[in-house]
Amino acid sequence: MTHRIALIGGDGIGPEVTAEAVKVIKAAGVAIETKDFDLGGARYLRDGEILSDAVLDELRTFDAILLGAVGTPEVPPGVIERGLLLKMRFELDLYVNQRPFSGVAPGHVTPHDFICIRENTEGPYVGEGGVLRKGTAHEVATQGSVNTRMGVERCIRYAFELAAQRDRKHVTLVHKTNVLTFAGDLWQRAFNDVAAQFPQVSTAYNHVDAACIYFVQDPHRYDVIVTDNLFGDILTDLGGAVSGGIGLASSANLNPARTGPSMFEPVHGSAPDIVGTGKANPTAAILSAALMLDFLGENAAGDVIRAACATAPTGSTIEIGNAIASAVASH
Ligand code: IPM
Ligand code: MN
């Protein structure tokens, strides 16, 4: 079966790392048909298009979306992020952002040492709020955070279902229930209710500030983490930093209900400072492609790609891509 993949290389190093990911998928012998979508900051600067409803509807017809990175310094912060990336997350209902981390624990070489499940459609990312009296001494800015029982619970349920299939069967809720008492209480009660339905899964709770210490000093304690959108954004950059670098950190923006395509992208950004230098590590994009293959039912290919990435080849973007592709092809 041929999988139809929408490719959004995007800005900066995005197209470079995405090309290596496609190379590796093909080396794995998985049949894909790709279509390039010219979207991102560069496209916006050229003709003002960010993500029209027509293009969004076309994206809906694909089996998955593989994205490199979007954002360019010439466009003010938020325009492309909100108009393209967050629009896809919200409109395609990609409510789980799954970010696996490996290599953090000596002796643990399995690709999925711990996994962060970040809620991906709510929290402060919804953009609730506004400004009043802008630019005056009496300026007011509010920025809300939306937490719905449905949204929180479906994300937590996904984390428990995932943990139930893993060896350690352990889920940690990360929040800030001691300060964000309204949202925290909703998250904690939803977590407790779902946990009661998974007696085989053990649980823990960490405040997000303490979790930052544990990420650095004792990541072994984690198996599956479930957390709010913004905490998950911040924690997963830290997760990348403590598990081999952000050049290895992959992510899956999932619609587990499969009412449309899911989207796969490295955690890193467009890194305009190194574009064209060959310094970008394509491994995060390649591991994101492996997550995509898992979700498309091509788990065996996903495993082969992860094993090839675990040998951590060095060199330029293309050299690393070639090394992983040939390890995959000779498997
Ligand atoms: C990420 C990114 C995005 C986020 C930005 C680019 C909007 O940092 O995927 O982690 O904050 O979610
Ligand atoms: Mn981020």
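Quick note: the coordinates plus some simple rules give every number you see, no bench work behind them. Values in this document were obtained by computation on a predicted structure and should not be read as measured data. In this analysis, Cβ positions are derived from the backbone assuming ideal geometry, glycine residues included, and neighbour counts consider all displayed protein chains.
Per-structure values
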{"quantity": "Segment Arg82-Asp237, length gained on full extension (0.36 nm per residue, minus Cα span)", "calculated": "53.9 nm"}
{"quantity": "Mean Cβ neighbour count within 10 Å, used as a protection proxy, ranking 179-186, 133-140 highest first", "calculated": "179-186, 133-140"}
{"quantity": "Exposure proxy ranking, count of Cβ atoms within 10 Å, fewest first, for Tyr44, Tyr95, Tyr214", "calculated": "Tyr214, Tyr44, Tyr95"}
{"quantity": "Estimated 222 nm signal from helices in the chain, with DSSP H stretches of n ≥ 4 weighted -39500 (n - 2.57), rounded to 500", "calculated": "-12000 deg cm²/dmol"}
{"quantity": "Alpha carbon convex hull of the chain, volume per residue in cubic angstrom", "calculated": "147 Å³"}
{"quantity": "Volume per residue of the C-alpha convex hull in region 147-242, rounded to whole Å³", "calculated": "87 Å³"}
{"quantity": "Separation of alpha-carbon centers, region 268-329 and region 10-53, rounded to whole Å", "calculated": "15 Å"}
{"quantity": "Cα-centre dipole for the chain with unit charges at Cβ (Lys and Arg positive, Asp and Glu negative), debye to 20", "calculated": "460 debye"}
{"quantity": "Potential extension, His207-Lys134 segment - 0.36 nm per residue separation minus Cα distance", "calculated": "22.9 nm"}
{"quantity": "Ellipsoid equivalent to region 191-331 - semi-axes via the Cα gyration tensor, in Å", "calculated": "29, 20, 15"}
{"quantity": "Percent antiparallel among DSSP beta bridges (both partners in the chain, rounded to 5)", "calculated": "40 percent"}
{"quantity": "Within a Gaussian network of the chain (alpha carbon springs, distance under 10 Å), most fluctuating of His170, His207, His268", "calculated": "His207"}
{"quantity": "In region 239-331, trypsin sites (Lys or Arg not before Pro) in a DSSP loop with at most 10 other beta-carbon atoms within 10 Å", "calculated": "Arg258"}
